1. Taking into account only those residues within the stretch 279-310 that are on the phi > 0 side of the Ramachandran plot and touching a helix residue (DSSP H, G or I) at 6+ places or on another chain (Cβ under 9 Å), which is surrounded by the most Cβ atoms within 10 Å (Cβ to Cβ)?
2. Restricting to the stretch 33-51, give me the number of residues that are surrounded by fewer than 20 Cβ atoms within 10 Å (Cβ to Cβ), in contact with a strand residue (DSSP E or B) (Cβ under 6 Å, 6 or more places away or on another chain) and either of a type in the set (Lys, Arg) or within 15 Å of residue 86 (Cα to Cα) (or both).
3. List pairs: first residue in the stretch 165-181 and closer than 14 Å to residue 225 by Cα, second residue assigned to a helix (DSSP H, G or I) and among the hydroxyl-bearing types (Ser, Thr, Tyr) anywhere in the structure, Cβ distance under 8 angstrom, at least six positions apart or on different chains.
4. What number goes with the only condition from (1) buried (at least 19 other Cβ atoms within 10 Å of the Cβ); (2) out of contact with any Asp or Glu (no Cβ under 6 Å at 6 or more places or on another chain); (3) of a type in the set (S, T, N, Q) that residue 254 does not pass?
5. So, of the residues in the stretch 263-294 that are in a loop (DSSP other than H, G, I, E, B) and more than 12 Å from the chain's Cα centre (by Cα), which turns out to be farthest from residue 193 (Cα to Cα)?
6. Can you run down the residue pairs with Cβ atoms below 7 Å, 6 or more apart or on separate chains, where the first is in the stretch 282-300 and more than 27 Å from residue 183 (Cα to Cα) and the partner is surrounded by fewer than 20 Cβ atoms within 10 Å (Cβ to Cβ) and among the polar types (S, T, N, Q)?
7. Got a sec? Which of 278, 299 is among the basic types (Lys, Arg), within 30 Å of residue 191 (Cβ to Cβ) and out of contact with any Asp or Glu (no Cβ under 8 Å at 6 or more places or on another chain)?
8. Looking only at the stretch 24-39, how many residues end up being of a type outside the set (D, E, K, R), more than 23 Å from residue 256 (Cα to Cα) and in a loop (DSSP other than H, G, I, E, B)?
Amino acid sequence: MSPDSSFNRARAGSDTLQSLVDELAEDLGRSVVVDDPLVRLICSSRHFGDADQVRVRGLLHGYADSETIRFILAQGVAQWSRPGMIKGRDDIGLLPRYVVPLRERGHLLGLLMVIDAQQTLTAEQIDAIENASRAITAQMYTEYLATDAEETSAEETLLNLLSTSPAGRSAARERVLSSGLLRDAPHSVVSVVEVSRSQDDPPAQIQVALRAAVEPFRRTRSVLGAMAVDQERAVLLQLRDRPPSQSELTEQSTRILCTLATFLSPSAAPTVGVGGSRTNLAEAWISYEQALVAARAARRLPALKGIGDWEELGEFAILAQLPEHALNESLIPMPLRALARSSGAARLRETLRCFLDFAGSAPRTAEALQIHRTSLYYRLRQIQDITGLDLDNGAHRLVLHLGLRIEELLASEHCDSGA
């Protein structure tokens, strides 16, 4: 786990950290703010008549608005190794800022910001900022070390609780119940949030963003849970006294994706997989396995818009478990390939898909396609002639239906390759 995560666990700064920030502000005669790597407030000095709208909103709400966060992160501050200026933006009420990335052992702990509207910081003031930044970084790292061991142990226990090893699960369950970390409940649900690595988002920033997106749902009035985060994935276990509704889980997943969209670039392409609701803590590992499958389906099926729910996947819950190396065009049946090469392929494939989805009901298919039944029967005869399969034969229908579903799972690869 990286140090970045500690500042999502407790974003309020310690008294010592606050004193260091106040001392620097008084020395400069300027407002000083320390934010976490996602531009969320950790601590702030009093202001000296230099506050802009962004600072005022930050003090009121504890964080900047999404537009401001996206703008600042777009300047690349999460990758800076030395101080620099970020330009202002009148439309969001942001004045130029002198920004110091607070790093220790390569990890970004936070951002120290000083408003410098006219860029009038003197050499002596910049030296003072540099000296204070070293002390602030050391304090932040000390606070991280004091809390990290406990958090790491809890996350390792959670992953053991969700493992495929019965012995490991049993031991982890005893630990979490005896320690009071969790209590058993009638219903358990696991969600998995995954992102793609890219050059646009440093790995540390991805980890911090994942924690920020998932943390609000770990403990609520109706949920007691735990979470584990690494550089590409967050796992959220929720224990409930009543089963969650599909709308609750969808809203939760949507909010997670919205948060990640604020903190990460579009290339991160986050997805959420939601497992089925299981009985008590002992069966949470089943929900976890289902969530992994659902997340994979969400990556491969654009129609899901980044959210896969095991309970809603239908046949895709089975197909999405095919090994990655096996999930390729070789699985598409030859009759379906022949249909794809035929004249009017798109129209015929859509007719076939609709006919199979409606369990071979000609009236419902014709209505959905808004064509006369005579036209439908003509198309179905064409499909049978081209594929050599009988649409009155259940096994033949299954071959074609599975082939169409596999094509949907492969659709994202075609999009990525520009096909």
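1. The residue in question is 306.
2. 0
3. Hits for this filter: 176/157; 181/157.
4. Only one criterion is unmet by residue 254, namely (1).
5. Of all residues in the stretch 263-294, those in a loop (DSSP other than H, G, I, E, B) come to 264-265, 269-270, 275-277, 280.
Narrowing the set further to residues that are more than 12 Å from the chain's Cα centre (by Cα) leaves 275-277, 280.
Values: 275: 11, 276: 15, 277: 17, 280: 22 Å.
Checking each candidate, the answer is 280.
6. 299/412; 300/412
7. Working: 299 fails: out of contact with any Asp or Glu (no Cβ under 8 Å at 6 or more places or on another chain).
Exactly one of 278, 299 is among the basic types (Lys, Arg), within 30 Å of residue 191 (Cβ to Cβ) and out of contact with any Asp or Glu (no Cβ under 8 Å at 6 or more places or on another chain), namely 278.
8. Initial filter on the stretch 24-39 (of a type outside the set (D, E, K, R)): 24-25, 28-29, 31-34, 37-39.
Subsequent filtering for residues that are more than 23 Å from residue 256 (Cα to Cα) retains 24-25, 28-29, 31-34.
Next cut, in a loop (DSSP other than H, G, I, E, B) only: 29, 31.
Selection size over the stretch 24-39: 2.
The values are calculated or read from the model by the stated rules, or taken from the named source; none is laboratory data. Not measured: the values here are computed from a predicted model. Every residue, glycine as well, gets a Cβ built from its backbone with ideal geometry; the counts of neighbours run over all protein chains shown.
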